[in-house]
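Inspection log for the structure reproduced underneath, given as structure tokens.
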Amino acid sequence: MRATIYARFSSDLQDLRSIADQVDLARRYAETRSLSVVEVYDDAAISGASTLNRPGLLRLITDAQARKFDVIITESLDRLSRSQADIAALYERLQFFGVRIETLADGAVSEIHVGLKGTMSALFLKDLAQKTRRGQIGRVKAGRIPGGKSYGYEVVKDGDERGRRTISPAEADIVKRIFREYATGKGPLAIVRDLNREGVPGPTGRHWNALGPAWLAQASQRHPQQRALRRPDRLQPAALPQGPGHWQAHLPREP
């Protein structure tokens, strides 16, 4: 009988060895049951809260529909999804395709497993969200950054100031340059073209996107105290006021 393996880990604190360990255990499981492993699917550092942003799982579903295997082996049901609704829907689809799920702990998965494990995973996600929010609020009250690094700043990693932000001189110059050029009437596309031509790394370390400078300018007008936002090159800007005179009043001294 043809089997496939699905492995996933969700935290940046883990690494690819987590997937390798899951696959190794799944292969041993398959050997003891005379299952022939024909493919391995995985998603690294991706949350199990949704099935929409996981290319490995989406490819697995497509191949299941094509009847490329008969059994899916995974470490536990929450590797496939922690969403109660998603795991129930996925189970029904796989049943329709004639594919069954087996986990290392429980063996063949039934409707009872889906109901009980799905409920437990959903409660885990709710509890995790509450704890994460509490931790973020605590970090903000302590004057620290609750999320990722903002463009224009560096996060202190050691000592008593750990978690606080300090201005990155090089990135600060780029932020101020964007504001100056936008204030004089230069458009986001022209700003981005010059930055990329000069080889200036964007917030993600790659090329600049035209949305980045536009959003930075808009953010200064709406939130003067927060002049650099996380991943500005990925955010969608709203309509921007036109005219250099308007923006001159909001030019910041620091990013």
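The values are calculated or read from the model by the stated rules, or taken from the named source; none is laboratory data. None of the values given here were measured: they were computed from a predicted structure. Because the Cβ atoms are built from the backbone with ideal geometry, glycine has one as well, and the counts that use them run over all protein chains shown.
Taken over segment 48-78, residues that are assigned to a helix (DSSP H, G or I), charged (D, E, K, R) and touching an Asp or Glu at 6+ places or on another chain (Cβ under 8 Å) amount to 1. One residue is enough: does segment 81-101 have a residue meeting the conditions touching a residue at least 60 places away in the same chain (Cβ under 8 Å) and surrounded by 17 or more Cβ atoms within 10 Å (Cβ to Cβ)? The answer is no, given that none of the residues of segment 81-101 is touching a residue at least 60 places away in the same chain (Cβ under 8 Å) and surrounded by 17 or more Cβ atoms within 10 Å (Cβ to Cβ). Residues in segment 18-47 that are outside any strand (DSSP E or B), surrounded by 13 or more Cβ atoms within 10 Å (Cβ to Cβ) and under 22 Å from the mean Cα position of the chain (by Cα): Ser18, Ile19, Gln22, Ala45, Ile46, Ser47. Of the residues Ser47, Ser36, the single one that is in the same structural domain as Ser110 (by TED's automatic domain parsing), modelled with pLDDT under 95 and hydroxyl-bearing (Ser, Thr, Tyr) is Ser47. Got at least one residue in segment 124-136 being polar (S, T, N, Q), within 30 Å of Gly202 (Cα to Cα) and at pLDDT below 75? Checking segment 124-136: at least one residue is polar (S, T, N, Q), within 30 Å of Gly202 (Cα to Cα) and at pLDDT below 75. Looking only at segment 148-170, decide whether some residue is at pLDDT 70 or above, in a helix (DSSP H, G or I) and within 15 Å of Pro203 (Cα to Cα). Scanning segment 148-170, I find at least one residue that is at pLDDT 70 or above, in a helix (DSSP H, G or I) and within 15 Å of Pro203 (Cα to Cα), so the answer is yes. Of the numbered criteria (1) farther than 13 Å from Val114 by Cβ; (2) modelled with pLDDT under 90, the one Ser76 fails is (1).
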